[in-house]
Amino acid sequence: MLLIGSGSLIAFNTGANELATILGPVVHAEVVGKYEAFALGTAFVFIGAYFLSYRVVDTVGKGITALDPFSGFAAQFGAGACVLLFTIFGMPISTTYCIIGAISGVGLVKGMGTVKKELLFRILRNWILGPALGFGICFLIIRLFFL
């Protein structure tokens, strides 16, 4: 039951912070209204979760370190509380970063040998590559099509 509650906190935060971060540019560019953007965003979150989330579920759920129900709850609750705190102050923050950090913390408590360091370093590398790639793609689009 605790794990369902902490998972619900993460889901709430997905709407309150992650979806809001994504919809901010669309709403403020006045492409669609706020409520239409919320409805579309919610629908696409469901579609993405339904069709593509299985590999990420495996990576986060068992790839970094083994989780039991209590350690899963601790990781989700810790990450959820962190994201909620940032959201209350109007600051975007990545749920992914928080949950990976929390799961890594679980692994460190269990012993450094329980953490799959190679996978963790690949995830950390992607945290650098992801924003850089997003910047580069956006730069090229603006440069090629709008300037």
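What follows draws every value from the coordinates through simple rules; no lab data is involved. All figures in this text were calculated on a predicted structure; none of them were measured in a lab. Every residue, glycine as well, gets a Cβ built from its backbone with ideal geometry; the counts of neighbours run over all protein chains shown.
Annotations
- For the range 6-29, backbone nitrogen atoms closer than 14 Å to the point 7 Å from LEU147 Cα along Cα-to-C-beta are found at no residue.
- Principal-axis tilt of helix 34-52 within the chain, Cα atoms, nearest 10 degrees: 50 degrees
- The aspartates and glutamates whose alpha-carbon is closer than 19 Å to the alpha-carbon of LYS116, local same-chain residues fewer than 8 away aside, are ASP58, ASP68.
- Once you reduce the range 1-49 and the range 74-147 to the center of their Cα atoms, the two points are 17 Å from each other.
- Seen from ALA74, the other residues with C-beta closer than 15 Å to its C-beta sum to a net charge of 0, counting Lys and Arg as +1 and Asp and Glu as -1.
- Arranged from fewest to most other beta-carbon atoms within 10 Å of their beta carbon, VAL83, VAL57 become VAL57, VAL83.
- Theoretical gain in end-to-end length, PHE135 to VAL57 [0.36 nm per residue, Cα-Cα removed]: 25.4 nm
- Taking other Cβ atoms within 10 Å as a rough exposure proxy, CYS82, CYS138 sort from fewest to most as CYS138, CYS82.
- Computed [θ] at 222 nm, deg cm²/dmol, the chain (DSSP H ≥ 4; -39,500 (n - 2.57); rounded to nearest 500): -25000 deg cm²/dmol
- Ranked for footprinting exposure by Cβ neighbours inside 10 Å, fewest first, PHE146, PHE46 give PHE146, PHE46.
- In degrees, nearest ten, helix 117-145 long axis to first principal axis of the chain (Cα): 0 degrees
- The angle separating the long axis of helix 19-28 from the principal Cα axis of greatest extent in the chain is about 10 degrees.
- In nm, spacing of pseudo-spin labels at ALA16 and VAL31 (7 Å Cα→C-beta vector): 2.6 nm
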